[in-house]
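Participant: Attaching a single structure in structure tokens format; questions to follow.
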Amino acid sequence: MSETPVLELRGLEAGYGSVPVVRPLDLVVPGGTVLAVLGPNGAGKTTLMMTLAGLLPRLRGEVLVDGKPTPSSRPAATNRAGLVLVADDRALFTTLSVRENIGIAARSGGPTLDEVLDLFPALRPRLNVAAGALSGGEQQMLAMARGLVQRPRVLLVDEMSMGLAPVIVEDLLPVVRRIADETGAVVVLVEQHVRLALEVADRAVVLVHGDVVLRGEAAELAANPTTLEAAYLGATA
Ligand SMILES: Nc1ncnc2c1ncn2[C@@H]1O[C@H](COP(=O)(O)OP(=O)(O)OP(=O)(O)O)[C@@H](O)[C@H]1O
């Protein structure tokens with residue numbers, strides 16, 4: 001008997017009002033997987049993440065976590081069901097300290113502050129600094145730390161590299177890998193740095209105009225840049 005997937009999408013359609021932006025999407029993702037969601041601007045990646053987080057209503061379809069259906073457009077209940085969003089704007093309490101930002105999000109049974117700081121050691125000497133005074137890279141670490149203490153089964157990381165130098169992204173992405181490996185959660189990673197994302201991901205889907213035009217093993221996609229490029233340009237696989 002196969003193991004229950006941690007994340008399953010069945011015919012998920014996402015969009016605004018009655019206008020579909022992401023067309024029916026089916027995915028079965030086992031625990032410990034980093035899934036990269038790639039695609040050009042306007043492909044629907046953020047719309048998909050917001051819908052998975054319950055911040056946008058689903059137009060159609062189901063999202064299951066550990067085999068259990070999750071609610072549509074109820075962000076708090078969706079979060080409790082294990083779908084935790086690290087938004088691209090990082091959504092930090094800028095006047096509160098690093099410690100307070102993490103403390104507010106912490107959930108019983110989740111990792112301790114110390115355990116989270118092991119993943120983001122650069123935050124240790126910054127615990128009493130206001131989030132608004134951190135560098136962009138530190139703010140992203142804090143956003144992810146805050147996601148982690150919510151005990152995600154599925155961590156949705158939307159464009160963590162937004163506004164960051166590639167060298168910082170190179171430091172952060174291996175942490176995403178460790179999160180999946182060490183917690184057994186699924187990490188869904190929306191990322192513009194395609195090559196870097198494929199280095200840490202197990203699998204990837206390429207969305208163009210709301211359709212999956214390519215999906216497969218990350219290593220295979222990385223080894224076939226021409227196919228990947230053609231997919232970005234809208235060629236259907
Ligand atoms: N609030 C909204 N109302 C209506 N349409 C929207 C809204 N927000 C986004 N869209 C449309 O949905 C489509 C997908 O946008 P989305 O932001 O999900 O793409 P994306 O792949 O995340 O792109 P980017 O990399 O630019 O963020 C675009 O055509 C966009 O114009």
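No lab work stands behind these numbers, since they all come straight from the coordinates. Just so we're clear, the structure is a prediction, and the values are computed from it rather than from any experiment. Cβ: placed from backbone, ideal geometry, glycine included. Neighbour counts: every protein chain shown.
Participant: Determine the pairs where a residue that is within 21 Å of D88 (Cα to Cα), located within segment 24-47, has a partner that is more than 6 Å from the ligand (Cβ to nearest atom) and hydroxyl-bearing (S, T, Y) with Cβ atoms under 6 Å apart, the partner being 6 or more residues away or on another chain.
Facilitator: Filtered contacts from segment 24-47: P40/Y232.
Participant: Tell me, which residue of segment 83-97 that is of a type in the set (A, V, I, L, M, F, W, C) and within 21 Å of the chain's Cα centre (by Cα) is farthest from R126 (Cα to Cα)? Working first, answer last.
Facilitator: Going residue by residue through segment 83-97, those that are of a type in the set (A, V, I, L, M, F, W, C) are 83-87, 91-93, 96.
Adding the requirement that they be within 21 Å of the chain's Cα centre (by Cα) leaves 83-87, 91-93.
On the way: L83: 28, V84: 24, L85: 23, V86: 20, A87: 22, A91: 18, L92: 15, F93: 15 Å.
Only one residue tops the list, namely L83.
Participant: Condition (residue is under 17 Å from A36 (Cα atoms), of a type in the set (K, R) and buried (at least 16 other Cβ atoms within 10 Å of the Cβ)) applied to segment 202-214: is it met by at least one residue?
Facilitator: yes
Participant: For segment 4-32, name all the residues that are out of contact with any Ser or Thr (no Cβ under 8 Å at 6 or more places or on another chain) and among the β-branched types (V, I, T).
Facilitator: T4, V19, V28, V29
Participant: Still on this structure: Would segment 183-195 turn up any residue that is touching a residue at least 40 places away in the same chain (Cβ under 8 Å), within 27 Å of G82 (Cβ to Cβ) and surrounded by fewer than 17 Cβ atoms within 10 Å (Cβ to Cβ)?
Facilitator: Within segment 183-195, one or more residues are touching a residue at least 40 places away in the same chain (Cβ under 8 Å), within 27 Å of G82 (Cβ to Cβ) and surrounded by fewer than 17 Cβ atoms within 10 Å (Cβ to Cβ).
Participant: I need the full set of residues from segment 70-103 which are farther than 28 Å from P5 by Cα, in contact with a Leu (Cβ under 8 Å, 6 or more places away or on another chain) and free of Cβ contacts under 8 Å to residues at least 24 places away in the same chain, in order please.
Facilitator: Result: G103, single match.
Participant: Of everything in segment 30-56 that's within 12 Å of the ligand (Cβ to nearest atom) and in a strand (DSSP E or B), which residue is nearest to R151 (Cα to Cα)?
Facilitator: V37
Participant: Which condition from (1) of a type in the set (D, E); (2) within 16 Å of the ligand (Cβ to nearest atom); (3) over 24 Å from A231 (Cα atoms) is the one that D66 breaks?
Facilitator: (2)
Participant: Looking at L85, L27, L59, L9, can you tell me which residue is surrounded by 14 or more Cβ atoms within 10 Å (Cβ to Cβ), within 16 Å of the ligand (Cβ to nearest atom) and under 19 Å from R203 (Cα atoms)?
Facilitator: Result: L9 is the single residue among L85, L27, L59, L9 that is surrounded by 14 or more Cβ atoms within 10 Å (Cβ to Cβ), within 16 Å of the ligand (Cβ to nearest atom) and under 19 Å from R203 (Cα atoms).
Residue-by-condition table, conditions (1) more than 14 Å from the chain's Cα centre (by Cα); (2) closer than 29 Å to P40 by Cβ:
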{"position": "D114", "(1), (2)": "yes, no"}
{"position": "L134", "(1), (2)": "yes, no"}
{"position": "V149", "(1), (2)": "yes, no"}
{"position": "D158", "(1), (2)": "no, yes"}
{"position": "L164", "(1), (2)": "yes, yes"}
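Participant: Could you list, in sequence order, the residues of segment 88-115 that are surrounded by fewer than 20 Cβ atoms within 10 Å (Cβ to Cβ), part of a helix (DSSP H, G or I) and of a type outside the set (A, V, I, L, M)?
Facilitator: R99, E100, G103, D114, E115
Residue-by-condition table, conditions (1) within 21 Å of D66 (Cβ to Cβ); (2) away from the ligand (no atom under 16 Å from the Cβ):
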| position | (1), (2) |
| --- | --- |
| D181 | yes, yes |
| A185 | yes, yes |
| V188 | yes, no |
| L196 | no, no |
| L214 | no, no |
| A219 | no, yes |
| A223 | no, yes |
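Participant: Across segment 33-56, what is the total count of residues that are aliphatic (A, V, I, L, M), out of contact with any Ser or Thr (no Cβ under 9 Å at 6 or more places or on another chain) and crowded, with 20+ Cβ neighbours inside 10 Å?
Facilitator: 8
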